[in-house]
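Colleague: The structure is given below, and queries will be raised subsequently.
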Amino acid sequence: MTSSTPSHTPTSGAFYMQAVLSFGLSLTAVGIGVVFLPVDGWVRAFLGIAMLYTVTSAFTLAKVIRDRQEDTYISSRVDRARLDKLLAEHDPFKIDAA
């Protein structure tokens, strides 16, 4: 019997490393841009804090999306298990005694 829920495929080590390096490189590039920006120190500090806030917000959003996806997957598996149990227990040829 095929399942209607998608199977979980783990990411490869290379893909994980590419994502980590890409994140590190982009954060470093923006950080260097903020440090060498020809503006007053207060503007530079504001941009630095805004950059950190954006990064933490992105991590939070990714976690919330992942958690919601996992909750949906788990509840659909529970519903599928209940349906499978009902179908396994059902006997269409059984005659109820009156």
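Computed from the coordinates by the stated procedures, all read-outs in this text should not be read as laboratory data. Only a predicted model underlies this, so the values are computations on that prediction, with no experimental measurement involved. So basically every Cβ, Gly included, is an ideal-geometry build from the backbone, and we count neighbours across all protein chains shown.
Colleague: State, to one decimal in nm, how far the label point of ALA19 lies from the label point of LYS85, with both points 7 Å from Cα in the Cβ direction.
Modeller: With each label point 7 Å from Cα toward Cβ, the separation is 3.4 nm.
Colleague: Tilt of helix 13-35 relative to the longest C-alpha principal axis of the chain, in degrees (0 to 90, nearest 10)?
Modeller: The angle comes out near 30 degrees.
Colleague: Sticking with this structure for a sec: Once you sort the root eigenvalues of the Cα gyration tensor of the range 13-89 as a ≥ b ≥ c, which label holds: rounded (a/c under 1.5), prolate (a/b larger than b/c) or oblate (the other case)?
Modeller: Since a/c reaches 1.5 but b/c is at least a/b, the shape of the range 13-89 is classed as oblate.
Colleague: Could you give the angle, 0 to 90 degrees to the nearest 10, between helix 41-89's Cα long axis and the longest principal axis of the Cα atoms of the chain?
Modeller: So the inclination is approximately 10 degrees.
Colleague: Further question on the same structure: Taking 0.36 nm per residue of sequence separation and subtracting the Cα-Cα distance, how much length would be gained by fully extending the chain between SER75 and THR28, in nm to one decimal?
Modeller: On the way: separation 47, 0.36 × 47 = 16.92 nm, distance 4.01 nm.
Full extension of this stretch gives 12.9 nm more.
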